[in-house]
Amino acid sequence: MAEGCRSGGSSTSGAPPATKNVRPQRGGHLVASIRTEPGSFNRYAKRDSGTELVSILTQAKLVRINKATQTVEPYLADSWTTAPDGRTVTLRLHPGVTFSDGRPLTADDVVFAFDAVYDERTAGTLADSLQIEGKKLTVSALDATTVAIVFPAAYAPGVRILDNLPIYPRHKLEAALKAGKINEAWGLSTPVSELAGAGPFMIAQYAPGQRLVFERNPGYFRTALDGTALPYLDRITVEITPDPNAELLRLAAGEIDAMTVEIAPESYATIKRAADAGKVKLFDLGVGYNADALWFNLTPGAFSGDPRGAWLQRDELRKAISLAVDRKLFADTVFLGAAEPVYGPETPANKQWYWGHPTPHDPEAARQLLASIGLSDRNGDGILEDANNRPAQFTLLVQKGRPNLERAGNVIRDELRKIGIVVDVVPLEGLALIERFARTRRYEAVYFTASKTDTDPAVNLDFWSSRGSAHIWNFNQRTPATDWERRIDDLIVRQIAAMDLAERKRLYDQVQEIFADHLPMVYFAAPRIFVASSARVINVTPSLMRPQLLWAPETVAIVQ
């Protein structure tokens with residue numbers, strides 16, 4: 001494993017000769033898997049990976065970021081022009097597009113989609129990622145197939161931001177919007193016959209806790225280069241498989257064709273043997289764009305009445321943790337060597353925006369930082385105490401059933417014990433964990449996946465902006481809670497407005513430097529990404545971002 005993980009570049013192994021250079025044909029049934037079922041059928045309401053997968057399979061956007069090349073491609077919009085002011089974009093929709101129920105998709109549906117995500121009566125998940133400087137885009141329908149979008153300020157990535165918004169049918173959801181209940185629409189209890197989208201597939205069946213079945217959308221508008229109507233597949237069944245070991249065994253046995261997550265380090269050897277035997281295809285994609293992270297609840301008042309509040313939210317604690325954890329040990333233990341140490345939200349994979357600046361492994365410096373906030377070993381038992389002899393102790397939540405996250409929690413616990421901090425690692429089921437930090441905010445610290453959705457920082461405003469819904473340590477702030485967050489807000493506004501790439505890089509380096517000075521999230525290692533499919537899957541272009549094999553599901557085919 002370690003040898004394979006240290007090789008450079010991406011590679012593919014296990015493709016049997018019979019499937020190489022096979023021209024994709026229409027037809028067939030692909031079986032994929034996910035770990036947890038979606039939180040909703042409505043991407044405007046939920047941001048979990050299951051809901052995102054449903055959106056990718058069933059909905060369409062104005063433009064789509066090619067997840068393999070990170071370039072913007074036409075989707076519902078065939079073309080667009082930008083006015084000389086750089087703020088007004090006119091998009092031409094592909095003619096004749098219909099939703100899966102046969103109703104036409106027009107510019108009015110685009111206007112509706114923006115109205116829905118911007119609805120201030122609901123706490124949606126997409127509004128902040130479609131705003132510039134906290135202001136909405138102005139969207140109007142010039143005619144049935146022409147949309148004008150006016151940006152409230154200069155925005156360097158341009159239409160790239162539109163990849164954040166699936167276009168939902170107005171005729172299905174307008175009543176929910178008028179009632180102020182758009183986020184309650186299309187919940188999991190909705191009959192699948194009431195759903196509609198312009199994507200390549202439509203939901204044909206949902207068995208809670210078991211599977212989702214997607215069938216070809218017969219009215220899907222895209223075609224392959226040779227004119228073949230897409231999608232190639234007739235059906236995709238997504239099996240809900242919480243147990244990663246069972247998922248792996250099913251892939252190796254040919255019972256499923258694709259996973260929607262990367263191969264876990266401890267599973268690599270099993271899949272490599274299956275690839276060498278020609279049973280699966282194994283893709284080595286290199287170091288990932290995202291890394292899991294540790295963060296504390298930095299919501300003001302979260303520890304009101306708790307004497308530990310004097311130190312739990314201090315920068316010094318998080319910086320001490322960063323110094324105390326041996327990142328090479330972390331990478332070797334958590335990812336079995338299949339990872340690179342990282343020190344912030346960008347990894348070496350994002351070459352254009354990576355800042356670097358490693359943090360040394362220095363436990364003694366960590367102890368000094370902790371002493372500066374009143375934590376020291378006052379009775380010689382090896383555990384730090386505060387001024388009132390209360391132990392320095394906190395609870396760290398991790399997701400149950402994800403071995404890399406559980407191992408990470410244990411490494412963090414053991415490394416911090418060496419400097420006198422007691423960590424209680426508590427595994428929770430995925431949805432229960434998300435509920436704790438994303439809704440109730442009843443937690444002390446979490447180690448979890450908090451992935452950015454794009455490689456361009458300007459498109460990740462939901463993460464960087466203090467008002468963002470993915471500003472996970474203290475999200476949806478009305479005004480910045482700290483001076484350093486205010487400074488990041490100001491720099492990000494300047495960064496997204498700068499049209500010179502070198503200036504954007506300089507400003508984003510400053511953002512990352514401030515982030516490093518305060519460390520609201522502590523990163524340790526970015527995994528090397530391995531994904532696998534059954535040997536019969538063809539015409540896939542794997543991406544470092546999830547779902548690595550299904551981000552363009554209409555192009556995926558199987559050998560029949």
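The values are calculated or read from the model by the stated rules, or taken from the named source; none is laboratory data. Since the structure is predicted, the reported quantities are computational estimates derived from the model, not experimental observations. Here the Cβ is made from the backbone with ideal geometry for all residues, glycine too, and neighbour counts use every protein chain on show.
Inspect the range 257-277 for any residue being in contact with a Gly (Cβ under 6 Å, 6 or more places away or on another chain) and over 26 Å from Leu396 (Cβ atoms) and give the result as yes or no.
Scanning the range 257-277 turns up at least one residue that is in contact with a Gly (Cβ under 6 Å, 6 or more places away or on another chain) and over 26 Å from Leu396 (Cβ atoms).
The numbered conditions (1) within 28 Å of Tyr75 (Cβ to Cβ); (2) part of a helix (DSSP H, G or I); (3) in contact (Cβ under 8 Å) with a residue 40 or more places away in the chain; (4) of a type in the set (A, V, I, L, M) are all true for Ile492 except (3). Of the residues Asp490, Asp462, Asp483, Asp424, only one is in contact with a Ser or Thr (Cβ under 9 Å, 6 or more places away or on another chain) and either hydroxyl-bearing (Ser, Thr, Tyr) or under 20 Å from Glu133 (Cβ atoms) (or both); which? That would be Asp462, the only listed residue that is in contact with a Ser or Thr (Cβ under 9 Å, 6 or more places away or on another chain) and either hydroxyl-bearing (Ser, Thr, Tyr) or under 20 Å from Glu133 (Cβ atoms) (or both).
Residues that are surrounded by fewer than 21 Cβ atoms within 10 Å (Cβ to Cβ) and small (Gly, Ala, Ser) within the range 451-465 comprise just one, Ser451. Is there a residue being in contact with a helix residue (DSSP H, G or I) (Cβ under 7 Å, 6 or more places away or on another chain), in a strand (DSSP E or B), within 23 Å of Thr299 (Cβ to Cβ) and assigned by TED's automatic domain parsing to the domain that holds Thr347 anywhere in the range 402-424? Yes, the range 402-424 contains a residue that is in contact with a helix residue (DSSP H, G or I) (Cβ under 7 Å, 6 or more places away or on another chain), in a strand (DSSP E or B), within 23 Å of Thr299 (Cβ to Cβ) and assigned by TED's automatic domain parsing to the domain that holds Thr347. Is it fair to say Arg487 is within 22 Å of Thr359 (Cβ to Cβ) and in a helix (DSSP H, G or I)? Judged against the criteria, Arg487 is a match. For Thr237, the requirement of being out of contact with any Cys (no Cβ under 7 Å at 6 or more places or on another chain) and assigned to a helix (DSSP H, G or I) is not met. Residues of the range 413-438 that are of a type in the set (Lys, Arg) and under 14 Å from Ile383 (Cβ atoms): Arg413, Arg417, Lys418.
Scanning the range 263-273 for residues that are surrounded by 22 or more Cβ atoms within 10 Å (Cβ to Cβ) and either farther than 14 Å from Leu336 by Cα or not assigned by TED's automatic domain parsing to the domain that holds Met545 (or both) yields a total of 1. Considering only the range 48-65, I want to know if a residue exists there that is part of a loop (DSSP other than H, G, I, E, B), out of contact with any Cys (no Cβ under 6 Å at 6 or more places or on another chain), of a type in the set (D, E, K, R) and closer than 30 Å to Ala253 by Cα. Yes, the range 48-65 contains at least one residue that is part of a loop (DSSP other than H, G, I, E, B), out of contact with any Cys (no Cβ under 6 Å at 6 or more places or on another chain), of a type in the set (D, E, K, R) and closer than 30 Å to Ala253 by Cα. When only residues in the range 360-378 that are in a helix (DSSP H, G or I) and of a type outside the set (A, V, I, L, M, F, W, C) count, which is nearest to Gly288 (Cα to Cα)? Among those residues, the one meeting the criterion is Pro363. Set side by side, the residues Asp462, Asp454 differ, and just one is of a type in the set (Asp, Glu) and not in a loop (DSSP other than H, G, I, E, B), which is Asp462.
Picking from residues in the range 382-424 that are of a type in the set (Asp, Glu) and under 23 Å from Pro265 (Cβ atoms), the one that is surrounded by the fewest Cβ atoms within 10 Å (Cβ to Cβ) is Asp414.
Quick one: is Thr241 under 26 Å from the mean Cα position of the chain (by Cα) and over 30 Å from Thr455 (Cβ atoms)? Break it down stepwise before answering.
On the way: under 26 Å from the mean Cα position of the chain (by Cα): yes; over 30 Å from Thr455 (Cβ atoms): no.
No.
Taking the range 207-244 only, how many residues are touching a helix residue (DSSP H, G or I) at 6+ places or on another chain (Cβ under 6 Å) and without any contact (Cβ under 8 Å) to a residue 60 or more places away in the chain? Residues flagged as touching a helix residue (DSSP H, G or I) at 6+ places or on another chain (Cβ under 6 Å) and without any contact (Cβ under 8 Å) to a residue 60 or more places away in the chain within the range 207-244 amount to 0.
Within the range 434-451, restricting attention to residues that are outside any strand (DSSP E or B) and closer than 25 Å to Tyr354 by Cβ, which residue is nearest to the chain's Cα centre (by Cα)? Among residues in the range 434-451 that are outside any strand (DSSP E or B) and closer than 25 Å to Tyr354 by Cβ, the one nearest to the chain's Cα centre (by Cα) is Ser451.
Per the listing Ala302, Ala310, Ala229, the residue uniquely at pLDDT 95 or above, assigned by TED's automatic domain parsing to the domain that holds Ser372, surrounded by fewer than 21 Cβ atoms within 10 Å (Cβ to Cβ) and of a type in the set (Gly, Ala, Ser) is Ala302. For Ser79, state whether it is at pLDDT 95 or above, over 23 Å from Arg467 (Cα atoms), more than 24 Å from the chain's Cα centre (by Cα) and surrounded by 21 or more Cβ atoms within 10 Å (Cβ to Cβ). In short, no. Which residues, counting only those in the range 307-359, are within 26 Å of Pro391 (Cβ to Cβ), assigned to a loop (DSSP other than H, G, I, E, B) and free of Cβ contacts under 8 Å to residues at least 24 places away in the same chain? Residue satisfying the conditions is Gln313 alone.
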